[in-house]
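Some notes on the structure that comes next.
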Amino acid sequence: MIPYARQQVDQADIEAVVAVLRADFLTQGPVVPRFEQAVAARARAAHAVAFNSATSALHAACLALNLRPGDRLWTVPNTFVASANCARHCGALVDFVDIDPATWNMSVTELQAKLLRAQRDGTLPKVVVPVHFGGQPTEQEQIHALSCEYGFRLIEDASHALGAARHGEPVGSCRWSDVTVLSFHPVKIITTGEGGMALTNDAELAAAMAMLRSHGVTRDPRRFERAPLPQGDGAPPDPWYYEQQLLGFNFRLTDIHAALGLSQLERLEEFVSRRNALASRYQKMLQGLPLRLPTVQPANRSAFHLYVVRLNGADGDVRRRVCTALRRRGIGANVHYLPVHLQPYYRGLGFREGQFPEAEAHGESAITLPLYPGLEEAQQDEVAAALRQELTHS
Ligand SMILES: *Cc1c(COP(=O)(O)O)cnc(C)c1O
């Protein structure tokens, strides 16, 4: 089977992990901060906080932005469920903004219209989570302008988009958001096994997320609320002293995982260029088929986490037939995404078909074709030929 996505682990990665296993720290030790600093430097963000997943990072980011029961978070239906679930973990309400039929990202027009209605109804969101779908950056500077106008905070879900850029600005710089979240799951751009990271330019948000990551505990004397009185003899503060100041979690990444991430990060540019090169090959090979191919806005460089095509005028049945046929031929065709609002859990909260028609049409017609740095051109030719046959001889 040619999978839709796959990690690329090399000998240097393996040696980096083994070196940690021979060293003193297995859990959060010296490698985690090195990995944080390296990613922050690459993305041009001031602060980075590593987590054991993007899901944990999204949860901590929402809490740090003070998302509370009764508050509202908006995201897109065309995403993984974690982009919405983070709000539910805070007891907040979720709503969705439909996608743009051209970019398959959050529609700025829909967002603006929904904000106007919400302002009249008194239902404005506290946090909005745009998702860089498939690695293509959102129209983030426009979403940011709306956040200034309507007073909401922004978390970019950049799980697909490490290495992408918009107007030359790397995704993760947080120029147009409060926090950017990355995922290092094996299918994503670089991997740590499980892992994630939150980037921000706000030192207070970074400190809050770091505390939430580790039980709400701080060991930083500058942050103590009830430190023991100094001895008056110039002695240092008690080295064993720490404070739990809020209710946190164990969301920590380990040095073992961070070593893999740090080693992978060295090949980020190679991974993203290879993904872009393979995407342009698909673009040429799939010309003329009854498909909509992915577009990249001129202002953007996509990280091409996913190569998604859409069947023209398809309903779910046609897509099922094509995907099943591809899988029978050993091609791991997949779907990104079944709309989040139609998941049984979200239907249980009252969401229904017809509410977000563009995301629903996408969810019925999209097929994710294999794309990853180790995909060989011969394998890619096989994928394109199989899809051509299924679409032209049926
Ligand atoms: C993968 C993914 C996540 C979750 O990432 P984990 O690191 O697996 O928790 C969240 N959002 C999007 C858009 C994703 O693709």
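Most simply put, segment 89-184 has about 35% antiparallel DSSP beta bridges, counting only bridges with both residues inside it. Relative contact order, whole percent, for segment 316-394 stands at 39, derived from Cα pairs under 8 Å and 6 or more residues apart. Considering only beta bridges that DSSP places wholly inside the chain, some 65 percent are antiparallel. All alpha carbon pair distances within segment 17-160 were sorted into 5 Å bins beginning at 0; the resulting P(r) in whole percents reads 2, 9, 17, 19, 18, 13, 8, 5, 4, 2, 1, 0, 0. Shown for Ile2, Ile14: other C-beta atoms within 10 Å of each C-beta, ranked fewest to most, produce the order Ile14, Ile2.
Residue order for Met285, Met106, fewest other beta carbons within 10 angstrom first, comes to Met285, Met106.
Ignoring the sites themselves, what is the longest stretch of the chain with no GluC sites (Glu not before Pro) in a DSSP loop and at most 10 other beta-carbon atoms within 10 Å? Between the exposed loop sites, the longest stretch runs 1-224. In plain terms, the residue of Val383, Val171 with the fewest other Cβ atoms within 10 Å comes first and the most crowded comes last, giving Val383, Val171.
When the Cα convex hull of segment 341-394 is projected onto planes of every orientation, the mean area is 6.0 nm².
Taking every alpha-carbon pair under 8 Å whose residues sit at least 6 apart, segment 1-125 reaches a relative contact order of 16 percent. Excluding same-chain neighbours fewer than eight residues apart, the lysines reachable from Lys114 by a Cα-Cα span under 20 Å are Lys126. 3J(HN,Hα) couplings calculated from phi for segment 73-79 with the Karplus curve 6.51 cos²θ - 1.76 cosθ + 1.60 (θ = phi - 60°) are, in sequence order, 10, 10, 9, 9, x, 8, 7 Hz; Gly and Pro show x.
So for the chain, averaging the separation of alpha carbon pairs under 8 Å that are six or more residues apart and normalising by length, what relative contact order in percent results?
Values: 806 pairs, mean separation 90.1, N = 394.
Computed value for the chain: 23 percent relative contact order.
Sorting 176-183, 70-77, 342-349 by their mean Cβ neighbour count within 10 Å, with the most densely packed peptide first, gives 176-183, 70-77, 342-349.
A full extension of the chain between Val81 and Val18 corresponds to an added length of 19.3 nm, given 0.36 nm per residue minus the alpha carbon distance.
What the Cβ-Cβ distance of Asn312 and Leu349 gives, at R0 = 22 Å and to the nearest 0.05, is a FRET efficiency of 0.10.
For the residues Arg226, Arg329, Arg320, a GNM of the chain with alpha-carbon springs under 10 Å puts the largest fluctuation on Arg226.
Between Gln244 and Gln287, the contour length at 0.36 nm per residue exceeds the Cα-Cα span by 9.6 nm. Put simply, the convex hull of the Cα atoms in the chain casts, on average, a shadow of 21.6 nm².
We did not get these values from a lab; they are worked out from the coordinates using the rules stated. Here the structure is a predicted model, which means the values were calculated and not measured. Cβ coordinates were reconstructed from backbone atoms using ideal geometry, including for glycine residues, and neighbour counts include every protein chain displayed.
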